[in-house]
1. Along the Cα-to-Cβ line of ASP267, 7 Å from the Cα, sits a label point; which residues in region 232-257 have backbone N less than 19 Å from it?
2. How much mean residue ellipticity at 222 nm does the chain get from its helices, if each DSSP H run of length 4 or more adds -39500 (n - 2.57) and you divide by all residues, to the nearest 500 deg cm²/dmol?
3. Taking amide H positions as placed 1.01 Å from N in the peptide plane, with prolines and chain starts having none, which residues 5 or more places from VAL211, or on another chain, fall under 5 Å of its amide H?
4. So what's Rg/Rh here for region 145-255, counting alpha carbon atoms and using the Kirkwood radius for Rh?
5. Would you kindly derive the ³J(HN,Hα) couplings of region 30-39 from the backbone phi angles with the Karplus curve 6.51 cos²θ - 1.76 cosθ + 1.60 (θ = phi - 60°), listing them in order in whole Hz, with x for Gly and Pro?
6. Please work out the Cα center distance from region 115-153 to region 259-297, rounded to the nearest Å.
7. Can you give me the relative contact order of region 328-456 as a percent, contacts being Cα pairs under 8 Å and 6 or more apart?
8. Evaluate the distance, in nm, between pseudo-label points positioned 7 Å from the Cα of ASN375 and of GLU209 along their respective Cα→Cβ axes.
Amino acid sequence: MTIKKSSWIQLKMPRARYKQLVDRFAGEIRSGRLPPGTRLPTHRQLAAEEGLALVTASRVYAELERMGLVSGETGRGTFVRETALPLSHGIDQPPTTEGMIDLNFNSPSIPGQTDMLRQALRQLSISGDLASLLHYQPHAGRLHERAIIARHLEDRGLSIPAEQLLIVSGAQHGLATTVMSLLNPGDVVAVDALTYSGFKVLAAVHRLELVAIPVTATGPDLETLEKLCRQRPIRALYSMPTLHNPLGWVMNLEQRQRLIAIARHHDLLIIEDAAYAFLADNPPPPLATLAPELTVYVSGLSKSVATGFRIGFIAAPERWIPALERTIRATTWNTPSLMTAISCGWIEDGTVARLETEKRRDAQARQRIAREVLNGLSLISHPASYFVWLTLPEEVRADQVVMTLMKSNISVSTAEPFAVTEHVPHAIRLALGSVAIDALEEALTQVRQAIERFAY
């Protein structure tokens with residue numbers, strides 16, 4: 001084989017020095033010689049030790065970070081990551097294995113729900129409407145079922161005609177339908193700096209640009225939102241005003257009114273996610289009630305009834321209904337009629353209302369356990385929510401804690417799936433709704449012990 005001179009020169013040239021360093025660090029990390037949590041030399045120290053330019057040292061760490069082997073943390077340094085931990089430990093992780101305690105996903109259930117379903121199926125089997133369930137349904141749902149759900153939403157402070165309500169396959173499908181119908185790839189959407197991980201994934205799939213609104217203890221920093229709207233061509237705002245996931249806040253009426261004023265002034269579409277709103281006791285009116293002309297309200301029955309009931313709903317201004325209905329047709333044609341019929345039956349006979357009441361009590365009981373076991377740690381939550389946000393002590397790294405718990409068959413999430421900013425805080429989110437309540441205290445005790453193991 002003949003090699004051109006120019007190619008021969010390239011083959012003979014030594015690999016770039018920074019590549020050699022990258023390979024060396026990568027090998028030491030993967031072999032365990034540099035264990036997870038090791039603080040690496042500063043950029044300046046590395047440059048001095050290896051005789052490199054500072055920009056080259058920074059390039060070494062940047063490449064290691066792209067490989068998922070290290071993480072750079074402002075004000076703290078560069079650390080070796082726990083490489084056995086999935087980078088997006090959260091919504092993208094596989095289901096928990098048998099025997100694993102799940103503090104990552106919420107699947108709240110009340111004793112007796114299986115019998116409720118069995119009875120509902122028997123009742124449906126003798127109904128006169130059974131044959132219709134074998135056929136295609138209207139894309140937005142049958143009008144009488146949309147009316148049932150609209151009446152149900154009156155208890156949430158939302159009054160809307162049945163014609164402006166569409167039935168979808170869960171709240172996540174509702175969010176996807178809204179994004180696909182009303183936004184275009186490249187649109188800029190303002191979201192809380194810590195937000196629902198499912199919306200982050202949806203935004204990535206649809207190629208939306210997310211800009212972060214800093215968060216406070218009680219809600220988004222609306223002054224910064226106003227500045228962002230002046231600086232960027234923001235098209236929409238994604239908000240969880242009533243029981244935020246993961247931080248648990250419930251925005252007060254004054255905050256909601258100010259948020260709406262900003263949205264009106266800058267002509268923003270508001271996407272209101274109310275998946276956990278049923279847990280809040282007497283919250284202020286939904287954004288969709290205060291600003292019905294620019295708000296799409298999305299919720300469902302997955303958390304209040306059962307996660308297997310993929311029934312959700314969208315309430316929207318009349319002008320957007322055709323576009324939303326067309327997207328439902330393109331994605332699912334219609335919601336499964338059997339699930340819709342059972343759900344609407346349970347709304348009408350009071351089963352949904354009873355389940356919501358019982359789950360509020362259940363969530364409150366779980367929060368009391370969490371606050372007692374985790375007392376003294378930096379805990380953020382709502383007294384009736386199914387999740388807890390734990391900001392870790394400064395010297396504790398989230399990936400170390402999560403990996404330690406995984407080895408003990410406990411699954412929790414780092415802040416990474418929820419963080420919109422480049423800097424990811426060292427925190428973990430605990431979902432309290434999937435573990436049997438009599439096992440919750442022990443599971444949370446192990447979480448506390450894992451954190452204390454790395455605190456010094």
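We did not get these values from a lab; they are worked out from the coordinates using the rules stated. Everything numeric here is computed off the predicted structure, so don't read it as measured data. FYI the Cβ positions are ideal-geometry reconstructions off the backbone, even for glycines, and counts take in every protein chain you see.
1. Backbone N within reach: 232-238.
2. Values: 16 runs with 192 residues, N = 456.
Here the helix-only value at 222 nm equals -13000 deg cm²/dmol.
3. Close amide H contacts, sequence-distant or interchain: VAL189, ALA190, VAL191.
4. Working: Rg = 15.3 Å, Rh = 15.5 Å.
Reported Rg/Rh, Kirkwood definition of Rh: 0.99.
5. 5, 7, x, 5, 10, x, x, x, 5, 7
6. 28
7. Details: 140 pairs, mean separation 31.4, N = 129.
After rounding, I find 24 percent.
8. For the pair ASN375/GLU209, the computed spacing is 4.9 nm.
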